[in-house]
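Working notes, structure below.
The values are calculated or read from the model by the stated rules, or taken from the named source; none is laboratory data. What you are looking at is a predicted structure, and each value in this text was computed from that prediction instead of being measured. For neighbour counting, all protein chains shown are included, and Cβ atoms are generated from backbone atoms with ideal geometry for every residue, glycine included. We work out accessible area using only protein heavy atoms, side chains counted, and drop any ligands, DNA or RNA first. Shrake-Rupley method; radii C 1.70, N 1.55, O 1.52, S 1.80 Å.
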Amino acid sequence: MFAPFPQREAFETCKEMIHELEYGALVLKQVSKESVERSGQGIMLGAAICVDDQNKKVILKTTSGISKELVREASSLGSDVQEIFVPPVISSQQITQALNKNDKEIHELTEKINNLKQSRKLPGGKYQNQSNEESELCQKRLLLCNESLREVYNLYSFYKADGKKISLLDICKNKLPPTGTGDCCAPKLLNYAFSHSLKIISMAETYYGRKTSSKKQGELYSPCDSRCALILPAMLGLNILYQDEDIVVVNKQSGLLSVPGRGPDKQDCIVNRLKRLFPFCIEQPSVHRLDMETSGLMVLALNAEGHKELNRQFENRIVQKEYEALIDGVKTEPKTGSMELYFRVDLDNRPHQIWDEVYGKNAITEWELLGVEEYTAPDGSSRPCTRVRFIPHTGRTHQLRLAASDKHGFGIPIIGDTLYGTCQKGERLMLHAKKLSFIHPKTGEKMDFTCLPDF
């Protein structure tokens, strides 16, 4: 996954950590038994540069895993900087205790399975087919292992950027995540920072140890895709796909406002979550928005110069956007086309838009039918639907929802549309901003982003 914060300053701290480990000012202390598989392997080091509510600098340092911790033998920091070694979210002792319930039975089953496997070994190293008994024992062991993992993951919960907590199993929607999820550097650093009201300025990770096929000591690494990408967006409140000193690109989740609405109950939005994570962000970073129910790509500006330039690009239609949707019915012909529709707000029923060829604003949309497929609703029922690619050439309110639902368009609403169609309990609007292209406001580089929908 893309690093959610600037890395440069924290990376310098990571390199200093390696240097201190080499000459002994820092020590990696073994705090729990190291597995045979991990023996001699390297470790990830992570650092976060933060400021507290008094604007005092705080440096967080940690390691990946739960078996080693950093210990300082000699201090090299000034008195104006606080250094904190961040512990694991859950200690090795707590994990061992959670595993103890099934540990003995799992080992006994493993011994029986190994004996049965050995008994069916043939000359030349091949094996006969697995017996029913061995298969049943393997299945029983798998169930016990999953039960033990669930006991472990029930222990994990993380502080989010808003100061609230969320459990690991809630993040993963009650599915078992990969082993070691939550023990990487990034979630440890974020969890500590958010639980102590620290603002993160920079965060980075590096590798310490002998070179492997995928890791080299002293190189800069982003949080991992296999574990961190599962939990960091939930902790941050944003799925950050790109960031630099000028802009941030996010994958907005369905159900979250783009900008604040009126009233205290409508303040949770992409803009306010961004400002919480990036304390030096301008007051109004948004340059465009997606409907609350729409998911997908949004770009925001962190400074006034970037905001002005991106606004200019949107106003001059330099920015290119592409959406993907599932419409609630079958449409097979024609395969491609373009439509120009005219809508205005329904003054008696805001925010609905109504057809008005005289006073309505024109909405131009290019489209392509991608194919008919089967849609399974939250209640388990299924029905045919059509996947559509939309390319809007204007930016009108509810433009694509109306292009689908209105009789002057397809006459088939997008699945989950609460305004122009129907939406079952637990259903979302099946509309996603899939592609976004613009010119970087400072470098002039063409920026192209693609984010596939989760439907």
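Summary table below
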read-out: Dipole in debye (nearest 20) - the stretch 69-221, about Cα centre, beta carbon charges: Lys, Arg +1; Asp, Glu -1; value: 520 debye
read-out: Reachable aspartates and glutamates, given that their alpha-carbon falls under 15 Å from the alpha-carbon of LYS56 and they are not under 8 places away in the same chain; value: ASP80, GLU83
read-out: Directionally averaged projected area (convex hull, Cα atoms, the chain), nm²; value: 29.0 nm²
read-out: Accessible area (Å², 1.4 Å probe, nearest 10) - ASP379; value: 110 Å²
read-out: Cα gyration tensor, the stretch 221-263 - rounded (a/c under 1.5), prolate or oblate; value: oblate
read-out: Normalised convex hull volume, the stretch 193-347, alpha-carbon set, Å³ per residue; value: 227 Å³
read-out: Per residue, in Å², the accessible surface of the stretch 382-455 once ligands and nucleic acids are set aside, probe 1.4 Å; value: 44 Å²
read-out: Exceeding the 23 Å Cα-Cα cut-off - candidates LYS33/LYS216; LYS175/LYS275; LYS308/LYS442; value: LYS33/LYS216; LYS175/LYS275
read-out: Computed label-point distance, nm, for sites ASN115 and GLU368 using a 7 Å Cα→Cβ extension; value: 6.2 nm
read-out: Accessible area, probe 1.4 Å, largest first, for residues VAL330, VAL27; value: VAL330, VAL27
read-out: Cut-off 14 Å (backbone N to label point 7 Å along Cα→Cβ of GLU283), residues of the stretch 289-311; value: 304
read-out: Efficiency of FRET from Cβ geometry, LEU122 and GLU73, R₀ 60 Å, rounded to 0.05; value: 0.60
